[in-house]
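Novice: Quick one: structure below, then a few questions.
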Amino acid sequence: DGTPPYVVDYLVGGTPASINVAGAGANLAVSPTTTTTYTLDFVTDSKGCTSSLSDDATLIVNEIPQITLTSPSETCDGDVIQLQFNFTAGAAPWMINYDVNGNPPTIIPINNAIDSIAISPSSTITYTINSVTDNNSCVNNNAQTVVINTNPLPEVTLSGGGSICADGSTTDINFNITSGIPPYNLQYSAGLNANFVSNIGTIFTISTDQGGIYTIQSVTDSKGCSANSISGSASVNVNPLSFSG
């Protein structure tokens, strides 16, 4: 009723506001950042006729989902690590759209605010979250990326040894390490005796007169990666001296 146009006084979350309305059925575009109640207060038409109003409407504003993607920056080939998702906003469950090294994306549901998936990369790899959609259909399209550098495992070959006389002679035991990131830590045994050496290079040689079978227990590189390829063998046989009367 009344004669258009109108001046409508209303409240935005308790704050007074007004708008000129050309005619019946007009719409007011709003974009609140928090849940807001709009309350009609007063209307005046072009003839100066007024009317008090009391209708209201509440617009619920849901959070945009927020996520932090974390992982170790480095790993060893074959190790299992966790790619962790930490949600700080939005409603569960969340649907994560992500890709690996730019390949076609995968969509997975995450139900917990803090959750993770186990991965075991064999090479340097990039995980990118393209978007997150929460249970309220709110979407966050801000991409996040983590790069995980996968370090190769060291490989070691054992060689050398032989037969010597018990006259102070020695023979060489050779440890040849390839791959991995030097320096290395080496644990080996000579017979029943355990030995440990640190900060060695790719080739490590000992001269020994100690008899027995030589074996490698472990080789670890500077990145903490352990060798699972150990090959070769070495043994030392010490022959006693013979004396003639």
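Novice: Quick one: 3J(HN,Hα) in Hz for the range 108-118, Karplus 6.51/-1.76/1.60 with θ = phi - 60°, rounded, Gly and Pro as x.
Specialist: 10, x, 10, 9, 10, 4, 10, 8, 7, 10, 8
Novice: With point charges of +1 on the Cβ of Lys and Arg and -1 on the Cβ of Asp and Glu, referenced to the Cα centre of the chain, which listed residue (Ser163, Ile203, Ala24) lies farthest in the positive direction of the dipole?
Specialist: About the Cα centre, the residue reaching furthest to the positive side is Ser163.
Novice: Can you run phi through the Karplus equation (6.51, -1.76, 1.60; θ = phi - 60°) for the range 122-129 and list ³J(HN,Hα) in whole Hz, with x for Gly and Pro?
Specialist: 9, 8, 4, 9, 10, 9, 10, 7
Novice: For the range 52-184, what is the charge dipole size about the Cα centre, in debye to the nearest 20, if Lys and Arg each add +1 at the Cβ and Asp and Glu each add -1 at the Cβ?
Specialist: Charge dipole, the range 52-184, about its Cα centre: 120 debye, nearest 20.
Novice: Rounded if a/c is under 1.5, else prolate if a/b beats b/c, else oblate: with a ≥ b ≥ c from the C-alpha gyration tensor eigenvalues square-rooted, which is the chain?
Specialist: prolate
Novice: If you don't mind, there's one more thing I want to ask. Quick one: what are the phi-derived ³J(HN,Hα) couplings along the range 22-34, Karplus 6.51/-1.76/1.60 with θ = phi - 60°, whole Hz, x for glycine and proline?
Specialist: 6, x, 5, x, 6, 10, 10, 7, 10, 8, x, 9, 9
Novice: Follow-up. Once amide H atoms are built 1.01 Å from N in the peptide plane, which residues 5 or more positions from Ala91, or in another chain, come under 5 Å H to H?
Specialist: Placed amide hydrogens put Asn135, Asn136 under 5 Å from Ala91.
Novice: What FRET efficiency do you get for Ile119 and Ser229 if R0 is 35 Å and r is their Cβ-Cβ distance, rounded to the nearest 0.05?
Specialist: Once the sixth-power term is evaluated, E becomes 0.95.
Novice: For each cysteine in the chain, check whether another cysteine's C-beta sits under 4.7 Å from its C-beta; list those where none does.
Specialist: Cys49, Cys138, Cys165
Novice: Rounded to the nearest 20 debye, what is the charge dipole size of the chain about its Cα centre when +1 sits on each Lys and Arg Cβ and -1 on each Asp and Glu Cβ?
Specialist: That gives the chain a dipole magnitude of about 440 debye.
Novice: Name the residue farthest towards the positive end of the dipole of the chain from the options Thr15, Ile173, Ser231, assuming +1 on Cβ of Lys and Arg, -1 on Cβ of Asp and Glu, about the Cα centre.
Specialist: Ile173
Novice: Using per-residue counts of other Cβ atoms within 10 Å, averaged over each peptide, order 129-142, 185-198 from highest down.
Specialist: 129-142, 185-198
We did not get these values from a lab; they are worked out from the coordinates using the rules stated. All of these numbers come straight from a predicted model, not from anything done at the bench. Neighbour counts are summed over all protein chains in view; Cβ atoms, including those assigned to glycine, are modelled from backbone coordinates with ideal geometry.
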